[in-house]
Amino acid sequence: QQQVKQSPQSLIVQKGGISIINCAYENTAFDYFPWYQQFPGKGPALLIAIRPDVSEKKEGRFTISFNKSAKQFSLHIMDSQPGDSATYFCAASIRIESNFGNEKLTFGTGTRLTIIP
Amino acid sequence: NAGVTQTPKFQVLKTGQSMTLQCAQDMNHNSMYWYRQDPGMGLRLIYYSASEGTTDKGEVPNGYNVSRLNKREFSLRLESAAPSQTSVYFCATAQTYEQYFGPGTRLTVT
């Protein structure tokens, strides 16, 4: 059972355009929603994350929009650049043990983003 | 400060062979994780260790075993490799919410 659904599977955007990747989740116990960026041959790296008590978080050209009632969140990349070409994963987490403050992540299936000049 | 290191980077096994994937971190994090990444499947959690001395199953633990040797090291063992275990394996560590990933091990089982 896939708890985090991600779309689209692949996306091609013109340089300078807006890239939008969407995710939906099922488990209302999730309390942390990160986005990871992965370049070929590398491990994923945290890009930006949001907690469910806010509806939007912006860091530079990257914005997460969060809709708690719809159980959906999305990543927007403004002024997309060729260097943004990578695979993006959304994720959601449930706390493992509250006294350690650590999370167990459930990932979406990934979106391969290509920015063309 | 190497962060999270994984060895080996590449490995080819024959069906039925065994091997251990090694992961080490110098970030002093309590939690460590093993994931596998397959095309179209995202990253799936195999096992995790919330702290030294504890391990627990993730989403896809069958065919794997783990050892949390100490706070720094977390190994993943395939006792009898199968072609279905062909994948890229990632180790990750965390102290709070953010997980830090290693560079991965690409494993092919023929």
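The residue list A:36, A:25, A:32 contains one member that is of a type in the set (Phe, Trp, Tyr) and at pLDDT below 95, which is A:32. Taken over the range A:1-21, the criterion of being under 13 Å from the mean Cα position of the chain (by Cα) and open to solvent by less than 30 Å² (accessible area, probe 1.4 Å) is satisfied by A:4, A:6, A:19, A:21. Among all positions in the range A:39-60, there is no residue which is surrounded by 18 or more Cβ atoms within 10 Å (Cβ to Cβ) and touching a Ser or Thr at 6+ places or on another chain (Cβ under 7 Å).
Cβ separations smaller than 7 Å between residues 6+ apart or across chains give the following pairs from the range A:33-46 residues that are facing chain B (nearest Cβ under 7 Å) to residues that are of a type outside the set (Phe, Trp, Tyr) and outside any strand (DSSP E or B): A:42/B:103; A:43/B:102; A:43/B:103; A:43/B:104; A:46/B:98. If only residues of the range A:63-87 that are open to solvent by less than 30 Å² (accessible area, probe 1.4 Å) and without any contact (Cβ under 8 Å) to a residue 40 or more places away in the chain are counted, the one that is farthest from residue A:116 (Cα to Cα) is A:66. Quick check: is even one residue across the range A:71-91 more than 15 Å from the chain's Cα centre (by Cα), assigned to a strand (DSSP E or B) and closer than 23 Å to residue B:51 by Cβ? Within the range A:71-91, not a single residue is more than 15 Å from the chain's Cα centre (by Cα), assigned to a strand (DSSP E or B) and closer than 23 Å to residue B:51 by Cβ.
Scanning the range A:100-117 for residues that are modelled with pLDDT of 90 or more and either of a type in the set (Lys, Arg) or assigned to a strand (DSSP E or B) (or both) yields A:106, A:107, A:111, A:112, A:113, A:114, A:115, A:116.
In this structure, does residue A:24 turn out to be within 12 Å of the chain's Cα centre (by Cα) and either within 11 Å of chain B (Cβ to nearest Cβ) or acidic (Asp, Glu) (or both)? No, not satisfied.
Meeting the requirement of 1 or more residues that are open to solvent by 20 Å² or more (accessible area, probe 1.4 Å) and away from chain A (no Cβ under 14 Å), the strands (runs of 3 or more DSSP E) wholly within the range B:12-110 are B:19-25, B:64-68, B:74-78, B:105-109. Scanning the range A:14-26 turns up no residue that is within 19 Å of residue B:99 (Cα to Cα) and not in a loop (DSSP other than H, G, I, E, B).
The values are calculated or read from the model by the stated rules, or taken from the named source; none is laboratory data. The structure presented is a predicted model; accordingly, all values stated were derived computationally and were not measured. Cβ: placed from backbone, ideal geometry, glycine included. Neighbour counts: every protein chain shown. Accessible surface areas use protein heavy atoms only, side chains included; no ligands, DNA or RNA. Shrake-Rupley method; radii C 1.70, N 1.55, O 1.52, S 1.80 Å.
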